[in-house]
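As structure tokens, the structure follows; a few thoughts come after it.
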């Protein structure tokens, strides 16, 4: 939670956008629907959501589950499905018209979350398809105990030991459950296994170095060694046994893809319409890229401008300071131009990415969960180039931190992107909205901010005209990357695109390097709906346009953003109802 909190009048004003009638209030008193819904919700989160997902419980701040391990046995997964079905039936039995508008929306959000869980277990079935669900899953279960000091080192180590005791059995269950994985899933899991072994060999012991209980540390040495052995054995098994018989299909298929979009994001727009909307936006971004590039140097192609942009970046040792400097100018701009209310002036802690995360992320925001009370700092992690790298590799890596992407990354992760949304979470109006988020809102907001800040006139101090154009090129390249994800995800999972065709699309239409194209395509084979960045941005832009039309001269950018943010990270469809009072299309 943020260390400083804003006053309540802003929240109250925003909630006026969700009116309730006295007749509804009288009915609630009569039939108890609101109280029933609250009780059923609490029961679901405790007895199902956290019971079967203790890693999530730890992450969001419910530490009574810290010593428990997520269920990986087929019988336990079946029990989770049965419990979710039963909980869904209880929520469905509560009439929506017995709830006020905000609770009725929460009911819909909760039911969709349950349906998405059931779709994942019963139809998508990653537990039978993706070997990294096991190796990556158990690693995350320990990471969430390490990442922030919410309790003493001894207390957290005790929970880690309890979880580690259960990890070898997880790989026994993996060998039983994994049937016919897609080859690419097994290859990705194999690519990551050495890093996970190194995580348990080096990072986990270092994280608990301050523990003082000698008996506990001795027990940890045993459980950690057993985990390392289990991971190594799992890697050998994947390579010798699983990989040769990994002939499955990663594709979700159109029906499953549509259901996942409906349940996760409340988007029921036909896939062909979504593709057409994205294609139009992608062409607009490409045209703007070409126009800006021509303004910089009419003799160069856009690709040549990209190559030049890649060379304009800080030195590796100056990266952290470059981001630190960006915070001050972004905060100043947000306040001076009333972009959004900042509930706290406490900044995230800027630090180098922990070693075990460096292989998979260049920059990330690690904020505490909504119910974490004992460790309230948020960390902005930046992965620095290794000192041992040759100059060519360092230069290639730093191209991702050019003058344009430094701005878009800082805006996306911190101000006014993910970190500012975290600062608002005390104001989210319900437990459901604190715990269940739509990615079109979370990532859509951060991606929207990249464009919005430049559109509103933000530039770092002392930026000359040429550099300003290069910053816009960086933003547009990031936008084109997200456009390419949008198309590739749908096409691979519903229209039979091969991974090779998707990679080519990232290069030719998304303006990405072949190396990035390969990484992005591999990600899309399992993160099928990673269209949510552009999808969410376009939904927010349309909502903003519609609210402006409704409010006329009373519209302000800051007022819109505050009203949007206070609703919580819910599907944009829910926010449209609150802000517009109707169910008009999200796109």
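Checked against (1) more than 26 Å from the chain's Cα centre (by Cα); (2) surrounded by fewer than 17 Cβ atoms within 10 Å (Cβ to Cβ), residue 470 passes all but condition (2). Condition check: modelled with pLDDT of 95 or more, outside any helix (DSSP H, G or I) and either out of contact with any helix residue (DSSP H, G or I) (no Cβ under 6 Å at 6 or more places or on another chain) or within 19 Å of residue 136 (Cβ to Cβ) (or both). Does residue 51 satisfy that? Here the answer is yes, as residue 51 does meet what is asked. Here residue 147 fits the description: modelled with pLDDT under 95 and out of contact with any helix residue (DSSP H, G or I) (no Cβ under 8 Å at 6 or more places or on another chain).
Tell me which residues, restricted to the stretch 210-225, are assigned to a helix (DSSP H, G or I) and surrounded by 15 or more Cβ atoms within 10 Å (Cβ to Cβ). First the steps, then the outcome.
Of the stretch 210-225, the ones assigned to a helix (DSSP H, G or I) are 214-225.
Residues satisfying the conditions are 216, 217, 219, 220, 223, 224.
Residues of the stretch 367-410 that are part of a helix (DSSP H, G or I) and under 18 Å from the mean Cα position of the chain (by Cα): 408, 409, 410. Based on this model, can you work out whether residue 560 counts as within 16 Å of residue 452 (Cβ to Cβ), free of Cβ contacts under 8 Å to residues at least 60 places away in the same chain and assigned to a helix (DSSP H, G or I)? Criteria met by residue 560. Summed over the stretch 325-362, residues that are in a helix (DSSP H, G or I) and surrounded by fewer than 16 Cβ atoms within 10 Å (Cβ to Cβ) total 5.
Selection of the stretch 503-529 for residues being under 18 Å from residue 286 (Cβ atoms) and either crowded, with 22+ Cβ neighbours inside 10 Å or in contact with a helix residue (DSSP H, G or I) (Cβ under 8 Å, 6 or more places away or on another chain) (or both) yields 504, 505, 506, 507, 509, 510, 511, 512, 513, 516, 517, 520. In this entry, residue 397 passes the filter for residues that are surrounded by fewer than 18 Cβ atoms within 10 Å (Cβ to Cβ), out of contact with any strand residue (DSSP E or B) (no Cβ under 8 Å at 6 or more places or on another chain) and more than 30 Å from residue 263 (Cα to Cα).
Just one of (1) in contact (Cβ under 8 Å) with a residue 24 or more places away in the chain; (2) not in a helix (DSSP H, G or I) fails for residue 444. It is (2). Looking at the stretch 201-209, can you tell me whether even one residue there is in contact (Cβ under 8 Å) with a residue 40 or more places away in the chain, buried (at least 21 other Cβ atoms within 10 Å of the Cβ), touching a strand residue (DSSP E or B) at 6+ places or on another chain (Cβ under 9 Å) and more than 24 Å from residue 481 (Cα to Cα)? No, the stretch 201-209 contains no residue that is in contact (Cβ under 8 Å) with a residue 40 or more places away in the chain, buried (at least 21 other Cβ atoms within 10 Å of the Cβ), touching a strand residue (DSSP E or B) at 6+ places or on another chain (Cβ under 9 Å) and more than 24 Å from residue 481 (Cα to Cα). When 56, 77 are screened for being part of a helix (DSSP H, G or I), surrounded by 17 or more Cβ atoms within 10 Å (Cβ to Cβ) and without any contact (Cβ under 8 Å) to a residue 24 or more places away in the chain, only 56 passes. Where helices (runs of 4 or more DSSP H) fall entirely within the stretch 226-324, those with at least 2 residues that are farther than 25 Å from residue 507 by Cα and in contact (Cβ under 8 Å) with a residue 24 or more places away in the chain are at 254-265.
Scanning the stretch 144-161 for residues that are part of a loop (DSSP other than H, G, I, E, B) and closer than 17 Å to residue 200 by Cβ yields one hit, 147.
The values are calculated or read from the model by the stated rules, or taken from the named source; none is laboratory data. As the structure is a prediction and not an experimental result, all values here were calculated from the model. Glycine also receives a Cβ, built like all others from the backbone with ideal geometry; neighbour counts cover every protein chain displayed.
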